[in-house]
């Protein structure tokens with residue numbers, strides 16, 4: 001059985017087979033589940049006892065999973081294939097199989113976890129096939145609504161929504177097929193939040209680099225901000241926003257101005 005550092009304090013938790021997967025399903029005691037029933041405006045998330053579903057297979061999702069496990073959270077990382085299963089299991093996270101483009105798959109993953117406190121979605125496609133940026137993300141959002149999660153963090157990109165001008169015309173035109181689809185997911189998430197389904201945060205990173213984080217990346221409400229940022233730093237900001245109510249309902253740009261010489265200062269959003 002996969003365990004995290006807080007398992008000894010939860011000896012009463014039960015494990016049942018995961019539907020449609022070999023990964024076990026961690027079930028909280030019924031009394032704890034009952035206590036977790038809260039409205040989207042009165043929710044509480046304890047990093048050391050939160051059940052988080054991470055959807056995404058790239059570097060940001062992996063880093064988010066690692067950081068959440070280090071914080072003591074229960075983490076499920078939905079994967080379309082088993083390519084990274086061993087790597088993820090080494091982090092002591094569960095790995096349910098599911099294709100975000102398949103509604104039934106997504107629903108089975110949600111159904112296989114008794115309580116999902118929050119979802120972190122970092123799904124991203126390609127210019128050639130951007131379906132997952134809209135359809136995949138929206139499938140996750142719809143399933144999260146049915147599940148009754150408390151908070152949903154969607155990671156999209158600079159260039160979405162009112163940040164269209166931020167990356168510059170040339171970059172925007174190259175990425176337009178992806179950005180247009182991400183826009184659709186952002187709008188669906190905002191609508192869900194407005195309906196009271198859950199609290200949400202949209203984080204739009206600048207250009208992603210696979211280098212060690214500097215720890216100097218920021219979140220800002222300035223939609224004109226742009227620049228580079230390490231995937232590790234994006235993950236750090238995502239985890240901070242996840243457990244901060246100050247970020248609820250916000251659309252935030254994530255950039256590391258130290259990686260963009262000459263970039264103007266931006267008002268930092270304090271979590």
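Suppose the filter is modelled with pLDDT of 95 or more, under 30 Å from residue 48 (Cα atoms) and in a helix (DSSP H, G or I); does residue 141 pass it?
Judged against the criteria, residue 141 is a match.
Assuming residue 130 fulfils every condition listed in (1) at pLDDT below 95; (2) under 23 Å from residue 200 (Cβ atoms) apart from one, which condition is it?
(1)
Among the helices (runs of 4 or more DSSP H) lying completely within the range 10-110, list those that include at least 1 residues that are at pLDDT 95 or above, surrounded by 19 or more Cβ atoms within 10 Å (Cβ to Cβ) and in contact with a strand residue (DSSP E or B) (Cβ under 9 Å, 6 or more places away or on another chain).
So the answer is 59-71, 85-89.
Look through 122, 156 and report the one residue that is farther than 21 Å from residue 107 by Cα and within 13 Å of the chain's Cα centre (by Cα).
After ruling out the rest, the residue left standing is 156.
Would you check which residues across the range 240-254 are touching a helix residue (DSSP H, G or I) at 6+ places or on another chain (Cβ under 9 Å), surrounded by fewer than 21 Cβ atoms within 10 Å (Cβ to Cβ) and in a helix (DSSP H, G or I) and list them?
Once the filter is applied, which keeps residues that are touching a helix residue (DSSP H, G or I) at 6+ places or on another chain (Cβ under 9 Å), surrounded by fewer than 21 Cβ atoms within 10 Å (Cβ to Cβ) and in a helix (DSSP H, G or I), the range 240-254 yields only 240.
Quick check on this structure: which one of 175, 123, 154 is at pLDDT 95 or above, closer than 24 Å to residue 231 by Cβ and assigned to a helix (DSSP H, G or I)?
Sole residue among the options that is at pLDDT 95 or above, closer than 24 Å to residue 231 by Cβ and assigned to a helix (DSSP H, G or I): 175.
Looking only at the range 194-211, filter to residues that are over 14 Å from the mean Cα position of the chain (by Cα) and free of Cβ contacts under 8 Å to residues at least 60 places away in the same chain; which one of those is surrounded by the most Cβ atoms within 10 Å (Cβ to Cβ)?
206
Would you check which residues across the range 215-239 are part of a helix (DSSP H, G or I) and without any contact (Cβ under 8 Å) to a residue 40 or more places away in the chain and list them?
Scanning the range 215-239 gives 233, 237.
Are any of the residues in the range 190-205 under 29 Å from residue 129 (Cβ atoms) and either out of contact with any strand residue (DSSP E or B) (no Cβ under 8 Å at 6 or more places or on another chain) or modelled with pLDDT under 95 (or both)?
Yes: the range 190-205 contains one or more residues that are under 29 Å from residue 129 (Cβ atoms) and either out of contact with any strand residue (DSSP E or B) (no Cβ under 8 Å at 6 or more places or on another chain) or modelled with pLDDT under 95 (or both).
Which numbered condition in (1) under 22 Å from residue 124 (Cβ atoms); (2) at pLDDT below 95; (3) buried (at least 21 other Cβ atoms within 10 Å of the Cβ) is the only one that residue 257 fails?
Answer for residue 257: the failing condition is (1).
Looking only at residues that are farther than 14 Å from residue 123 by Cα and without any contact (Cβ under 8 Å) to a residue 60 or more places away in the chain in the range 94-104, which one is farthest from the chain's Cα centre (by Cα)?
Applying the filter and picking the extreme gives 104.
Answer yes or no: is there a residue in the range 226-234 that is surrounded by fewer than 23 Cβ atoms within 10 Å (Cβ to Cβ), within 27 Å of residue 50 (Cα to Cα) and touching a strand residue (DSSP E or B) at 6+ places or on another chain (Cβ under 7 Å).
yes
The values are calculated or read from the model by the stated rules, or taken from the named source; none is laboratory data. These numbers were taken from a predicted model, which means no experiment stands behind them. FYI the Cβ positions are ideal-geometry reconstructions off the backbone, even for glycines, and counts take in every protein chain you see.
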